[in-house]
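Inspection log for the structure reproduced underneath, given as structure tokens.
The values are calculated or read from the model by the stated rules, or taken from the named source; none is laboratory data. It should be emphasised that the depicted structure is a prediction, and the values quoted were computed from it without experimental measurement. Note: ideal-geometry Cβ built from the backbone for every residue, glycine included; neighbour counts use all protein chains shown. Side chains included, ligands, DNA and RNA excluded: accessible areas come from the protein's heavy atoms. Shrake-Rupley method; radii C 1.70, N 1.55, O 1.52, S 1.80 Å.
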Amino acid sequence: MKECVTIAAAAIARIPPMGNGPGLRAPGSTRLVLSIACVLAASTFASASARAGMYDKPYAIVEAGDRSDIRKEARASVSMIDGKTTRNPRKSDPVEPGKHVVRVTFSSARGSFSPAYIDLEMPLEACTLYRVVAAYEFKTGPDWKPKVYSEPIGSCRKKFAMQ
């Protein structure tokens, strides 16, 4: 509430005076500005707490791994988790631990690969980062299969006191 009053006071100070008298404002303008400021402040704080909520409990992240010519691996995309499209094909939002179906897609300008995507059933563990790559035998195709690497997320393990 204190934030609402601060925002409203700053907004009211910017309303130009009405007529010749100093400090006279349009009727109801103060109440309108105060209402608008409180609604904006409440929605801002609500959305900030919603974003923070993703990291309030143990989580897992699935992301595209790096390519390696030596290991014959290319960057794959994480296009869906449990049938929902990811916002970023390189890195998922935090995912609740447990079994999930992760759709991995792969295409390359070097050759024709098939299938276009593979659905992986993955048991995701808490505070773990999973990197998915496309393993191939030949750079020009036609076959590939997903390969998953995992590593602990240190900040998550520290936050939730996990070993």
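Here are the numbers for the structure shown:
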read-out	value
Selection count, region 110-158, where residues are out of contact with any strand residue (DSSP E or B) (no Cβ under 7 Å at 6 or more places or on another chain), within 30 Å of TYR55 (Cβ to Cβ) and in contact (Cβ under 8 Å) with a residue 12 or more places away in the chain	2
In region 121-139, the residues that are in contact with a Pro (Cβ under 9 Å, 6 or more places away or on another chain) and of a type in the set (A, V, I, L, M)	LEU124, ALA126, LEU129, VAL132, VAL133, ALA134, ALA135
Candidate set: region 85-94, residues that are under 20 Å from PRO58 (Cβ atoms) and of a type outside the set (Asp, Glu); chosen: the one surrounded by the most Cβ atoms within 10 Å (Cβ to Cβ)	SER92
Leading residue by the ranking (nearest to the chain's Cα centre (by Cα)) among those in region 84-107 that are outside any strand (DSSP E or B) and either within 18 Å of GLU73 (Cα to Cα) or hydroxyl-bearing (Ser, Thr, Tyr) (or both)	SER92
Residue pairs meeting the criteria (Cβ under 7 Å; at least 6 apart or on separate chains; first more than 22 Å from PRO123 (Cα to Cα), in region 55-84; second open to solvent by less than 100 Å² (accessible area, probe 1.4 Å) and among the hydrophobic types (A, V, I, L, M, F, W, C))	ARG67/ALA74; LYS72/ALA135; GLU73/VAL133; GLU73/ALA134; GLU73/ALA135; ALA74/PHE106; ALA74/VAL133; ALA74/ALA134
Residues of region 95-147 satisfying the condition of being among the small types (Gly, Ala, Ser) and open to solvent by 70 Å² or more (accessible area, probe 1.4 Å)	SER107, ALA109, SER112
